[in-house]
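Data first, discussion second: the structure below is written as structure tokens.
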Protein chains: 2
Amino acid sequence: MTPGTQTVLPVVTGAMYIAGDAVFGDAETFPVEAPAAGGTLEPTFHRAGSALVGRAAELAEAAFEAFRAAPTEQRARLLELAADEIETVGGAAADRAHLETGLPLPRLTGEVARTTGQLRLFAATLREGTWNGARIDHALPDRVPARRPDVRQRRIPLGPVAVFAASNFPLAFSVAGGDTASALAAGCPVVVKGHEAHPGTSEIIAAAITRAVAASGLPAGVFSMVFADGPTVGVELVRHPAIAAVGFTGSRAAGLALVAAAASRPVPIPVYAEMSAVNPVFLLPGRLSEAASDLGAAFVGSLTLGAGQFCTNPGIVVGVDGPDLDRFIAAARDAVTASAPAPMLTSRIAASYANGVARLAAHPATEVLARAADPEPGSWPGCWGSAALVATTAEEFLAARDLHDEVFGAASVIVRVASSDELIDVARAMEGQLTATVHATDGDAALASSLLPVLERKAGRILFNGWPTGVEVVPSMVHGGPFPATSDSRTTSVGTLAMERFLRPVAYQDVPDALLPTAVRESNPDGLLRLVDGSYTKN
Amino acid sequence: MTPGTQTVLPVVTGAMYIAGDAVFGDAETFPVEAPAAGGTLEPTFHRAGSALVGRAAELAEAAFEAFRAAPTEQRARLLELAADEIETVGGAAADRAHLETGLPLPRLTGEVARTTGQLRLFAATLREGTWNGARIDHALPDRVPARRPDVRQRRIPLGPVAVFAASNFPLAFSVAGGDTASALAAGCPVVVKGHEAHPGTSEIIAAAITRAVAASGLPAGVFSMVFADGPTVGVELVRHPAIAAVGFTGSRAAGLALVAAAASRPVPIPVYAEMSAVNPVFLLPGRLSEAASDLGAAFVGSLTLGAGQFCTNPGIVVGVDGPDLDRFIAAARDAVTASAPAPMLTSRIAASYANGVARLAAHPATEVLARAADPEPGSWPGCWGSAALVATTAEEFLAARDLHDEVFGAASVIVRVASSDELIDVARAMEGQLTATVHATDGDAALASSLLPVLERKAGRILFNGWPTGVEVVPSMVHGGPFPATSDSRTTSVGTLAMERFLRPVAYQDVPDALLPTAVRESNPDGLLRLVDGSYTKN
């Protein structure tokens, strides 16, 4: 061992998993950083070249017909088995993720629970069955001038899905995360490109899913996890003829590159890229006057959570200028100044954050309100970041589009507006967002109801009197939103609706009952809620 | 009047409609052909320039907030009023369409009924309400470590929709067609680019919708209909910042141009383009042996319907070689030979069809089976087309990709396969299709059940023992399919699911009940079927 490296957990060997087999990459190595402790981690990981990644895609396609034809119950069991296996290795996975990401252990333990919870939620959703979208319109044999045929509809999976794992949720949005869970639930085999910020965690989880696939009796090609260079081999995966859809969480540049690659294929495919957001928070006057200091402190709690590395991190706060906003700012400034520096996920993310903060601080339209202390001497400066807060006016904010861009990390811009009207103008000027938050009390109802329709057009989730960090995995969740928050606002990547991204409808006209899929057979053997002749029924 | 022109119906003046106003185009004129009778039709129509078309888009955006905020009942009434108004002018519209398209009058009268029927079906769907996608997950106040918030979801409209009308359905897929009806139902204002093959029909229908909008009390900007040069001003409409989605029916080249324009916008938008299909028909041996001659004659009936100008026209027939297929071919050949030439929609479509037939006939891999008689001397040769039938082998078909391309019109390729396995190989080699048809009897069940999963991956609609022309407007219909049949296989352009193309989900977290949209209020004032805490209920 060289100085500065860490011992590794025994289960981490440097492997990828391709259709049931542990495989070592045949291309270049990549370094595995230990952001909190400094140095790099063992063992050595290698990337896969084109041929290996192509093999994973081909084996996914080879498994697809059997996977989609398997009973729904078997698919639900696969998800539950995966949850069980992940639970078994959850402690080791969280420990390894802690080394690889620098995120606090309790947060990572929570992520294990979220990961298993969402797999089980999709299993329940599969059994409930409405995802089939079953519809039946019976024939009208006596219609003139011609008989109306019998028409039935259900949804089928698109085909193998390439999932590009996120850096910032090493469990819940990575190898077994929301994209993988929803694609498998839909009946789509998955090829994950594991994120290089946490390859050991990825290996542990990939091994767990591989065991679950084997135990489920489904073909091994249903799941693979590879490491690959994103701009070259990753893009090749998106362009592989066997791949039918893509899930991605990451930067806007990388997401748009995958969208472009998918669109330029001979057969274009959908890409669900969750890219960037600044998640504006609107402080309405009534609520601000009531609780300015508390809100300021709570805001910084959300801002600095996970070193600000949440997709839903509050990067813009908008409030009407005056003594109440000053109190909010004073409390936020104190909290930022008191906040400790924290390790960021990678040295690259930390460097990008430092650049972003420097850009905000040097911007002619901003005033620096607070900077947390610099990282301690002796800590690994390459990966640590500290919170930052700047202020600007509505006028400046509306003129300076670069102040609207995400700085990934614990930096936020407070926009002082002169009036409620200007607050709405600022909302209207926003790009698409994952979330928009309103702090309001009963006395703010008139302004809130004017603001709400504006926010509906800007965000996938609107929340009142809370903070956007933290996304509940429930059927009604929307983690999505208008461009550039995502590449496809019609969907969500969290919650059970996420399955629908990987399904498409097929109609069956006068197909004999014995040949019909069970979802649309006359006897309704699966007991589904179906739209029959215009009415929803379980008959 | 110059010789060869026709008198026009009094209601046709050459106008477009922009947000309630009859407006005359400010750009170049375009000729209006009379395909059946020959010559051109009056009055003179002008295209709109960029500014006029941009004004329609801006007025659509200006109307959007009021439109989407209006009660669902008011939106349903708009659709019913439009149906009523179209019924009133239906006779005149069908007469004018007959002059402009050469399609038979009974077919056009049927289209009026389909147009009004689908508007009323969407009104009923709006009132039924499940389109809201309402979901509620109540808070768990006592959850540890933190309270789970209350989360609710509903769908909202995307924004103004640009609709590019089809040439081949001058009523049911044009100004008030499926795209317009589904976008208005979703709460999206519509700007239609009317098709230049039937501008008078478009004017009559646009005037009817304009009257319906006025009677509904909704803002006039909810509907506009313009004529514009597709490759220039049409593309500008797609790129207009006010436009949020696009519906299109037409050629692959034009559709792909709109997809590319939409993708290259600063804010990309979805395009639902229905482009091209050859709609393969598979003749299974049992059924073929039973009814070869009847099938051959019925096939040609579907092939020549509307001069073959259906999106779902059967352009490929696949059967196992032998005496039964020979009988099918003999009957089809007789029917094609006996078929009368028919006017096509435009001279450009007729020329393209003639080129396509010449290409098929001269192809080294084909044998010409039958050509209908050439158009009568004295008819307008520029617009008339006659049916054509060629044959090839599976081997040739699999090698010659150009035989897979659509020839828009009454031309079809019969593919002789050597075995059932080869029949499935041919199915696997197909591109994406709107439809796939199987002719089978009980004795064909084994082959049919092997073929069915292959066809599910190729087509939006699978039909047994019928012909693909004719698309029922029922909730379970899918008129869509994998690329290149459409640009987005996850949807349909016919049937009530078409509305979902223009909606996206929004989540509301801890939003006070009084501020929530009615679809997700606790009391369920609209009586919707909602997914509440994991179960569907109307409570």
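Taken together, B:497, B:531 contain a single residue that is under 30 Å from residue B:303 (Cβ atoms) and either at the interface with chain A (Cβ under 8 Å from one of its Cβ atoms) or modelled with pLDDT of 95 or more (or both), which is B:497.
Listed here are the residues, each with its yes/no results for (1) surrounded by fewer than 23 Cβ atoms within 10 Å (Cβ to Cβ); (2) not basic (Lys, Arg).
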position	(1), (2)
A:318	no, yes
A:324	yes, yes
A:327	yes, no
A:334	yes, yes
A:337	yes, yes
A:341	yes, yes
A:344	no, yes
A:349	yes, yes
A:359	yes, no
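Determine, yes or no, whether residue A:224 is within 20 Å of the chain's Cα centre (by Cα) and either part of a strand (DSSP E or B) or among the basic types (Lys, Arg) (or both). Yes, satisfied. Answer yes or no as to whether residue A:170 is touching a His at 6+ places or on another chain (Cβ under 7 Å) and either more than 14 Å from chain B (Cβ to nearest Cβ) or surrounded by fewer than 24 Cβ atoms within 10 Å (Cβ to Cβ) (or both). Here the answer is yes, as residue A:170 does meet what is asked.
Among the candidates B:299, B:248, B:282, single out the residue that is more than 14 Å from chain A (Cβ to nearest Cβ), buried (at least 23 other Cβ atoms within 10 Å of the Cβ), modelled with pLDDT of 95 or more and part of a strand (DSSP E or B). The unique qualifying residue is B:248.
The single residue among A:66, A:60, A:93, A:76 that is touching a residue at least 24 places away in the same chain (Cβ under 8 Å), touching a strand residue (DSSP E or B) at 6+ places or on another chain (Cβ under 6 Å) and not polar (S, T, N, Q) turns out to be A:60. Just one residue in the set B:455, B:423, B:434 is under 16 Å from the mean Cα position of the chain (by Cα), of a type outside the set (D, E, K, R) and on the phi < 0 side of the Ramachandran plot; that residue is B:434.
Restricted to the stretch A:493-522, and to residues there that are in a helix (DSSP H, G or I) and without any contact (Cβ under 8 Å) to a residue 40 or more places away in the chain, the residue that is farthest from residue A:67 (Cα to Cα) is A:513.
If you filter the stretch B:500-528 down to residues that are under 32 Å from the mean Cα position of the chain (by Cα) and within 7 Å of chain A (Cβ to nearest Cβ), you find that the one that is nearest to residue B:172 (Cα to Cα) is B:504. If I filter the stretch B:18-29 down to residues being out of contact with any strand residue (DSSP E or B) (no Cβ under 6 Å at 6 or more places or on another chain) and not in a loop (DSSP other than H, G, I, E, B), which single residue comes out as farthest from residue B:95 (Cα to Cα)? Taking the candidates together, the pick is B:21. Take the conditions (1) away from every other protein chain (no Cβ under 14 Å); (2) surrounded by 24 or more Cβ atoms within 10 Å (Cβ to Cβ); residue B:196 misses just one of them, which is (2).
Please give the strands (runs of 3 or more DSSP E) falling wholly within the stretch B:389-492 in which 3 or more residues are within 7 Å of chain A (Cβ to nearest Cβ).
Fully inside the stretch B:389-492 and qualifying: B:459-464.
Among the residues of the stretch A:163-198, write down those that are among the hydrophobic types (A, V, I, L, M, F, W, C) and closer than 23 Å to residue A:409 by Cβ. Hits for the stretch A:163-198 are A:164, A:165, A:166, A:169, A:171, A:172, A:173, A:197. What residue, among those in the stretch B:493-518 that are of a type in the set (S, T, N, Q) and surrounded by 24 or more Cβ atoms within 10 Å (Cβ to Cβ), is farthest from residue B:181 (Cα to Cα)? Checked the stretch B:493-518; the qualifying residue farthest from residue B:181 (Cα to Cα) is B:509. Scan the stretch A:435-450 and tell me whether some residue there is touching a helix residue (DSSP H, G or I) at 6+ places or on another chain (Cβ under 9 Å), crowded, with 17+ Cβ neighbours inside 10 Å and modelled with pLDDT under 95. Within the stretch A:435-450, not a single residue is touching a helix residue (DSSP H, G or I) at 6+ places or on another chain (Cβ under 9 Å), crowded, with 17+ Cβ neighbours inside 10 Å and modelled with pLDDT under 95. Determine, yes or no, whether residue A:523 is among the polar types (S, T, N, Q) and closer than 26 Å to residue B:477 by Cβ. So residue A:523 fits the description; yes. Here residue B:502 clears all of (1) farther than 30 Å from residue A:489 by Cα; (2) in contact with a Cys (Cβ under 6 Å, 6 or more places away or on another chain) except the condition numbered (1). Tallying residues that are farther than 20 Å from residue A:66 by Cβ, at the interface with chain B (Cβ under 9 Å from one of its Cβ atoms) and of a type outside the set (S, T, N, Q) within the stretch A:152-167 yields 1.
Summed over the stretch A:302-338, residues that are touching a strand residue (DSSP E or B) at 6+ places or on another chain (Cβ under 6 Å), under 30 Å from residue A:165 (Cα atoms) and in a helix (DSSP H, G or I) total 2.
Of the residues making up the stretch B:455-465, those that are touching a residue at least 24 places away in the same chain (Cβ under 8 Å) and closer than 16 Å to residue B:277 by Cβ are B:455, B:457, B:458, B:459, B:460, B:461, B:462, B:463. In the stretch B:139-151, the residues that are more than 8 Å from chain A (Cβ to nearest Cβ) form Cβ pairs under 9 Å with partners that are hydrophobic (A, V, I, L, M, F, W, C) and part of a strand (DSSP E or B), at six or more places apart or across chains, as follows: B:139/B:151; B:147/B:140; B:150/B:136.
The values are calculated or read from the model by the stated rules, or taken from the named source; none is laboratory data. Everything numeric in this text was worked out from a predicted model, so none of it was measured. Positions of Cβ are backbone-derived with ideal geometry, glycine not excepted, and every protein chain shown enters the neighbour counts.
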